[in-house]
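Below is one structure, written out as structure tokens; the observations come after it.
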Amino acid sequence: MNPRRPLLTIVTPAFNEAENLPAMYERLRAVLDGAGVTWEWVVVDDHSQDGTFALLASLAKDDPRLRAVRFSRNFGSHAAIHCGLSLARGECAVVMASDLQDPPEVIPQLLAVWREDNQIIWAVRNRREGEKRTTLLFSRYYYWLMRHISSLGRLPPNGADFWLMDRVVIDAYLQFREVNISAMLLIHWLGFQQEVIYYDKQARLHGSSGWSLKKKFKLVLDSVTSFTYFPIRLMSYVGITVAAVGFLYALIIVTNAILGRPVEGWSSLMVVILVLGGIQMGMLGILGEYLWRSHDEARQRPRYLIERRTTAEE
């Protein structure tokens, strides 16, 4: 059984969230001070440009439970999650966004399920208020794709970027040094005893999402190359299919020549050349994605660099 008053760490990546963080701090205090836990809040500023870190430093002066670090440049939310978990002291940690779309009021429910000896608890979205249709479609088809082509098994239909992790899961996760990877998918891959709860995702209080189309596209590529060999297998299937069609076409040409029938000339030849060229270029692109990620991992560059901290002891 878990301790009666465990230490809970809230891990929050933040990028240009100065308007949302004060309200989040007040709501965390209101919820957690009566939740039967001691708690701390670790915020990772992903090189914001709106005074986010200055605000966090000001809040931390009055409440030592808040610790914050600032990246030297924008490294992305998944790097920020890794950094926050590496700083977590708690016996469990909740990872949640800083825009208040994930309500802090759900945390006691996560803790209750954790106390039943579950090690990973996913907060899965029932509804998503105030989201753009393009965002909803991307989320739906992204998780559909990963469910069908990866070895991850059952993933939540609407995704889950709000979850609780036991200390043993945190320690296991921190052993991985991969750079181009989805934190959520890796944690799901780890196994352990997992459970799901449901909640309604709220509309963003202030500002707009920092997830651009470019970042979403990179997430898809990172997820596919990290958790499935499907593109490589697909290349093999396409190669076999094209070869079979080519042999069949060659057989037709030889048969027509033997029978004295006219053989089509340049138009069919150009079609074949263009189709094969396009397939080969596409295959080279897929191989390039895998090779680049292997090269990126082999360089062993730091996943992130910390520019400033609100405390000096770490």
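Would you call Ser86 modelled with pLDDT under 90 and among the polar types (S, T, N, Q)? So that I can check it myself, show each step before the final result.
Working: modelled with pLDDT under 90: no; among the polar types (S, T, N, Q): yes.
Judged against the criteria, Ser86 is not a match.
Spot the failing condition for Asp171; the list is (1) modelled with pLDDT of 75 or more; (2) touching a strand residue (DSSP E or B) at 6+ places or on another chain (Cβ under 9 Å); (3) over 16 Å from Arg303 (Cβ atoms), and only one is missed.
(2)
Where in the range 7-105 are the helices (runs of 4 or more DSSP H), entirely inside, with at least 2 residues that are under 20 Å from Arg177 (Cβ atoms) and under 17 Å from the mean Cα position of the chain (by Cα)? Steps first, answer last, please.
Values: elements: 21-32, 52-62, 77-87.
Qualifying helices (runs of 4 or more DSSP H): 77-87.
The values are calculated or read from the model by the stated rules, or taken from the named source; none is laboratory data. Keep in mind it's a predicted model, so treat the numbers as computed, not measured. Here Cβ is always computed from backbone atoms with ideal geometry, including for glycine, and neighbour counts include all displayed protein chains.
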